[in-house]
Amino acid sequence: MRDETAPALLRPSILDPLFAPARGLPGVGAKMAPMIERLLGTPERPARIVDLLFHLPQGGIAQKLVGSVGEAPVGEPVTVGVTISHHRPAGTGPGRRPHRVLVEDETGDITLVFFGMPAARVEKMLPLGSHRYVTGRIDLWDGSRQMVHPSRIVDAEGLAALPSVEPVYGATEGLTSRAIGKLAVAALERLPVLPEWQDPAWLRQNRLPPFADALRAEHRPE
């Protein structure tokens, strides 16, 4: 009979934080836990911290601040600083009407488009007359620039706190790349301090960082 406890008994206790359940991370509730299991777990073994740490980003999006609306390229993710000038709520008519918000700077304007979002929530995120930094892809619709569901809306303080690159992860239904990124950052906090097992001279020759530093660089790229 196979002894399922044998691997844990043979494993050094310093590694225990890596093999703790991923569902134990902060912010993981009853709704998110099954999604993590679907993405990283197996029928025989629940998702662990180490599984999340080795679920590396597939790429990244530079949080590059474009100089102005007029300079912002169409069809690419950008971040622009704008002033909120007008709200046009969805109303109560037939059809799937969006809430539209006109934002602008001295070089031009963009219409932000929100489907299925309560007007009060949109107005709280984008108060009239305020200055915000919005991230998303600009597209042309009927000759006008628009951005459907910006991926991020922050003020100046929030912009300063953003990483220079946002990692992009392989995701699953209901669990976004950004949510996985937040979990990965929380998982990095659980990394134990491990003794280096590679030869120091070989590491220096190949310019390889320590194990923990390598994982942090993958999940929080500069």
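Any read-out appearing in this document is the output of simple, stated calculations on the displayed coordinates, not a laboratory observation. Small disclaimer: the values here were computed from a predicted structure and weren't measured. Glycine also receives a Cβ, built like all others from the backbone with ideal geometry; neighbour counts cover every protein chain displayed.
Observations on the model:
- Theoretical FRET efficiency, 1/(1+(r/R0)^6), r = Cβ-Cβ of Leu140 and His87, R0 35 Å, to 0.05: 0.95
- For segment 182-221, the list of GluC sites (Glu not before Pro) that fall in a loop by DSSP and count at most 16 other C-beta atoms within 10 angstrom reads Glu189, Glu196.
- Total formal charge among the other residues, if their Cβ is under 12 angstrom from that of Pro21, Lys/Arg +1 and Asp/Glu -1: +1
- Label-point separation, Arg204 to Arg121 (7 Å along Cα→Cβ), nm: 5.5 nm
- With contacts taken as Cα pairs under 8 Å and at least 6 residues apart, segment 64-161 reaches a relative contact order of 28 percent.
- Segment Leu56-Trp197, extension gain: residue separation times 0.36 nm, minus the distance between their alpha carbons: 48.5 nm
- Potential lengthening of the chain between Leu65 and Ala212 amounts to 49.9 nm, from the contour at 0.36 nm per residue minus the alpha-carbon distance.
- Taking amide hydrogens as placed 1.01 Å from N in the peptide plane, the amide H of Gly41 sits under 5 Å from those of Ala47, each at least 5 positions away in sequence or on another chain.
- Inter-probe distance in nm under a simple model that places probes 7 Å from Cα toward Cβ, at Glu76 and Ser164: 1.8 nm
- Residue-span extension gain [Leu10 to Arg100] - 0.36 nm each, minus C-alpha spacing: 26.5 nm
- Placing +1 on each Lys and Arg Cβ and -1 on each Asp and Glu Cβ, with no other charges, gives segment 64-161 a dipole about its Cα centre of roughly 500 debye.
- Mean-position separation - Cα centroids, segment 145-175 and segment 63-124, in angstrom: 15 Å
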